[in-house]
Every structure is written in C-alpha cells, then in structure tokens.
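Student: Sharing a structure, written as structure tokens. Questions coming.
The values are calculated or read from the model by the stated rules, or taken from the named source; none is laboratory data. Quick caveat: nothing in here was measured; it's all calculated off a predicted structure. Cβ atoms come from the backbone with ideal geometry, glycine included; neighbour counts cover every protein chain shown. Accessible surface areas use protein heavy atoms only, side chains included; no ligands, DNA or RNA. Shrake-Rupley method; radii C 1.70, N 1.55, O 1.52, S 1.80 Å.
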Amino acid sequence: MDPENRIVTRMPLQELWNSNGAIQARKRRDLTEMEIKAVLQTGPVQFIVAELGKPLRWVAKNDCFSFWHKEVKPHLVDPKLEGFYLEGIPGGYAYCASEWCVDTGLCFLLLEMHH
C-alpha cells in the first residue's frame, strides 16, 4: 500500500508511519496532562493525531504549543481511567496520549482520537 494513502483502521496503533512509510518507533508510555506539560517544557514536540478512517495527521512542530492549549488539553483523558464518557468532554471527543520513541532518542506524542 502507498504510505500516503494509508489510514488508521484500528486503535490502539501498533506502529507509526508517514508519507515515506513505517517509522521504527516504539510506544514508550501513556501520558497524563502533567507528563505532556513536562515534555513541552523541553521545547517543541511533534504531535500526531490518529483518527479511525483517516490518515495520521502530523501537526507542525511550530504549532505544538497552540495545538496543546486549544485542542489537546480540553479533550485529554487520563490514561489511568478504566473508561470515560464522551458526553462530559467538550465537542464529544477525547484524546488518549502516548509517547513513541525511535532508537536515536527522537520522540513523538501520539493522540488517539475517540468520538
């Protein structure tokens, strides 16, 4: 399959990809709001949004702080919760966040969207 046409077919994701193909990254950990804030304090990060039926959306690194405040923070759910109700979340959708890293130390913050 052409990587540019690849879509998310199930979650949780088992791998990450971009227009060039699969990325050799592994899920390191699920992230809470406080953990994401700590990562953002080190500088810009690469957010990736996974939504069923759509390609992965790579958010520009220079937009990461605005994206965090306006989009992610209001919709983030705690990974320690056993379940959540979308009715209590603005817009009726939520993100579960995780950190994925490659062997070189480069990391990505994956946001799996639930609606």
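Student: Do any cysteines in the chain lack another Cys Cβ under 4.7 Å, and if so which?
Tutor: By the Cβ distance rule, which asks for a partner under 4.7 Å, the isolated cysteines are Cys64, Cys96.
Student: How large is the charge dipole for the chain, taken about the Cα centre, if only the Cβ atoms of Lys, Arg (+1) and Asp, Glu (-1) carry charge, to the nearest 20 debye?
Tutor: 140
Student: Roughly speaking, to the nearest percent, how much of the chain's 1.4 Å accessible area is carbon and sulfur?
Tutor: Percent of accessible area from carbon and sulfur atoms in the chain: 50.
Student: Let me ask something else about it. May I ask you to work out the translational diffusion coefficient for the chain at 20 °C, viscosity 1.002 mPa s, via Stokes-Einstein with Rh from the Kirkwood sum over Cα pairs, reported in whole µm²/s?
Tutor: So the translational diffusion coefficient is about 147 µm²/s.
Student: Can you list the aspartates and glutamates whose alpha carbon is less than 16 Å from that of Lys27, not counting same-chain residues fewer than 8 positions off?
Tutor: Glu15, Glu35, Glu99, Asp103, Glu112
Student: How large is ³J(HN,Hα), in whole Hz, for each residue of region 10-26 in order, when computed from phi with the Karplus curve 6.51 cos²θ - 1.76 cosθ + 1.60 and θ = phi - 60°, using x for Gly and Pro?
Tutor: Whole-Hz 3J(HN,Hα) from phi for region 10-26: 7, 9, x, 5, 9, 7, 10, 8, 9, 5, 8, x, 5, 10, 7, 10, 10.
Student: While we're here: Based solely on its DSSP helices, what 222 nm [θ] is calculated for the chain when runs of n ≥ 4 H residues each add -39,500 (n - 2.57) and the sum is averaged over all residues, nearest 500 deg cm²/dmol?
Tutor: After summing the helix terms and dividing by the residues of the chain, the value is -2500 deg cm²/dmol.
Student: Additional query: At a 1.4 Å probe radius, which order do Glu15, Glu82, Glu51 fall into by accessible area, largest first?
Tutor: Descending accessible area places them as Glu82, Glu15, Glu51.
Student: With every protein chain present, what is the per residue accessible area of the chain (1.4 Å probe, Å²)?
Tutor: With the other protein chains kept in place, the chain gives 61 Å² per residue.
Student: Along the positive direction of the dipole of the chain (beta-carbon charges: Lys, Arg +1; Asp, Glu -1; about the Cα centre), which of Leu40, Gly88, Leu16 reaches farthest?
Tutor: The Cα lying farthest towards the positive end belongs to Leu40.
Student: For the chain, give the share of DSSP beta bridges that are antiparallel, in percent and rounded to the nearest 5; count only bridges with both residues there.
Tutor: Of the beta bridges lying entirely in the chain, close to 75 percent run antiparallel.
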